[in-house]
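Reading through the structure tokens given below for one structure.
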Amino acid sequence: MRAGICDMVAVARILNATLVIPELDQRSFWKDSSNFSNVFDEDHFINALANDIKIIKKLPKELATGPRAVKLFRSWSGMNYYQDEIARLWEEYEVIRASKSDSRLANNNLPLDIQRLRCRACYEALRFAPQIETMGKLLVNRMMSFGSYIALHLRFEKDMLAFSGCTQDLTSAEADELRIIRENTRYWRDKEINPIEQRSRGFCPLTPKEVGIFLSALGYPSSTPIYIAAGKIYGGDSHMADLRSRYPILKSKETLASVEELEPFTNHASQMAALDYIVSVESGVFIPSYTGNMARAVEGHRRFLGHKKTISPDRKALVGLFDKLEQGTLEEGKNLSDRVIEIHRKRQGSPRKRKGPVAGLKGKEKLRSEEPFYENPLPDCLCRKEFPVQTTL
């Protein structure tokens, strides 16, 4: 959501167009009725970008019934596409409606002023709505009362497991329930998924049990406070028992706040996710169990704020180690710990230039392989500082 909004800000600038406050998707799996102003500070968004583009809350009456083009912008497109193909639509239409906003703008090879606009939009203009900011800060303060904490984005939720086809640590009844959900969700294209192959390729989120082993191998003591940034964990306590036994200071927004405090946000998945986003950005360490949109957005925001530690699990490598533990050919201890630490030595969110495409790929696959802009907005979002010349005697 954040990435799509900020990319449309940049597209409006490229097209020299006025941007209408975006409509949020209310038809997805979560059936969230939130609009833009429920999630974001609408007035701040408009004012913060006033020197870059004009933003209005809704179409003027004279344009509401006028000719409009509904266009699916091409994925990962550059300046030429928008300045040539899309700009030609102005000859016939007064309004262009983007039917999708995700990944519609290239990650790289754009003018620096456009890249920096994306940064301003994402990290300065796109502030959460006041009630979300207030509640988010309250959760952060309550979490920090336990000490420096890890925010764990635990994607062991019904929608994620159904979509990915992953069944590790699930019962056969649970796996069947998720398969039926996947088969009945028409906009999910992949219906037949081999869970063993999916996991071996690193395409499955770590299970709560696997996360516990991972954190122990990294050397985090049992006294480490952990915030669970997630929706409802599939299977509830039955799947959280192993992780909780290792790390008893396990908290979430539901345990840090009362039912009454959370009531305004309940039944609104995007608003609940925004609370998790705030607590995750402010954590001492952020660890996602799966590299999804939220994980990328949080990692990028933390890089922008000064390279806060984000440990990205190498799921493919870890699966091999977890399987050896299961088979009894490897035990928890120094050997496992040394291997896990070495694998993740360079996966901790340190400052570096954004990665380009994988060599040998072409077309969309080449663009898809690039590191997303909002996962690593460097060096575009990095301001140059002039340091005084020092003279040594």
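The values are calculated or read from the model by the stated rules, or taken from the named source; none is laboratory data. Keep in mind that what you see is a predicted model, and the values were worked out from it rather than measured. Here Cβ is always computed from backbone atoms with ideal geometry, including for glycine, and neighbour counts include all displayed protein chains. Note: accessible area is taken over every heavy atom of the protein model, side chains too, but ligands, DNA and RNA are not part of it. Shrake-Rupley method; radii C 1.70, N 1.55, O 1.52, S 1.80 Å.
General remarks:
- Heavy-atom surface of the chain, accessible at 1.4 Å and reported per residue (Å²): 54
- Highest-first arrangement of 183-189, 149-155, where packing means the average Cβ count within 10 Å: 149-155, 183-189
- Helix 2-14 and the longest principal axis of the C-alpha atoms of the chain enclose an angle of approximately 20°.
- The orientation-averaged projection of the convex hull spanning the C-alpha atoms of segment 196-344 amounts to 9.8 square nanometres.
- The value for segment 1-153 of Rg(Cα) / (2.2 N^0.38 Å) is 1.18.
- FRET efficiency for Arg201 and Thr65, using Cβ-Cβ distance with R0 set to 51 Å, rounded to 0.05: 0.50
- Computed from Cα positions, the angle between helix 172-184 and the longest principal axis of the chain comes to roughly 10 degrees.
- The Cα atoms of segment 192-255 give a gyration tensor whose axes a ≥ b ≥ c have a/c of 1.5 or more with a/b no greater than b/c, which makes the shape oblate.
- Since only Pro111, Ala269, Phe373 are under comparison, the one whose Cα sits farthest along the positive direction of the charge dipole of the chain, derived from C-beta charges on Lys, Arg, Asp and Glu, is Pro111.
- Normalised alpha carbon radius of gyration of segment 64-143 [divisor 2.2 N^0.38 Å]: 1.53
- Per residue, the Cα convex hull of segment 223-307 amounts to 113 Å³.
- Computed with a 1.4 Å probe on the full set of protein chains, the accessible area for Lys316 sits at about 130 Å².
- 13 Å tail of the calculated P(r), segment 262-321, as % of Cα pairs: 64
- Filter on Lys324/Lys353; Lys191/Lys324; Lys31/Lys232; Lys137/Lys209 - keep pairs with C-alpha separation over 24 Å: Lys324/Lys353; Lys191/Lys324; Lys137/Lys209
- Only beta bridges with both residues in segment 5-134 are counted; by DSSP, about 10 percent of them are antiparallel.
- Distance between the modelled labels on Met79 and Arg97, one decimal in nanometres: 3.1 nm (7 Å Cα→Cβ projection).
- Computed over segment 150-246, relative contact order equals 47 percent, with contacts defined as Cα pairs under 8 Å that lie 6+ residues apart.
- Electrostatic dipole magnitude of the chain [Cβ: Lys, Arg +1; Asp, Glu -1; Cα centre; debye, to 20]: 1060
- Contact order normalised by residue count of the chain, Cα under 8 Å, 6+ apart, percent: 18
- A Cβ-based charge dipole, computed about the Cα centre of segment 196-258 with Lys and Arg at +1 and Asp and Glu at -1, lands at about 80 debye.
- Rounded tilt (10° steps) of 269-281 against the dominant C-alpha axis of the chain: 70
- Kirkwood estimate for segment 259-393, i.e. one over the average of 1/r between Cα atoms, Å: 18.2
- Column: log10 I(q)/I(0), Debye, Cα scatterers of the chain, q = 0.08, 0.10, 0.11 Å⁻¹: -0.47, -0.74, -0.90
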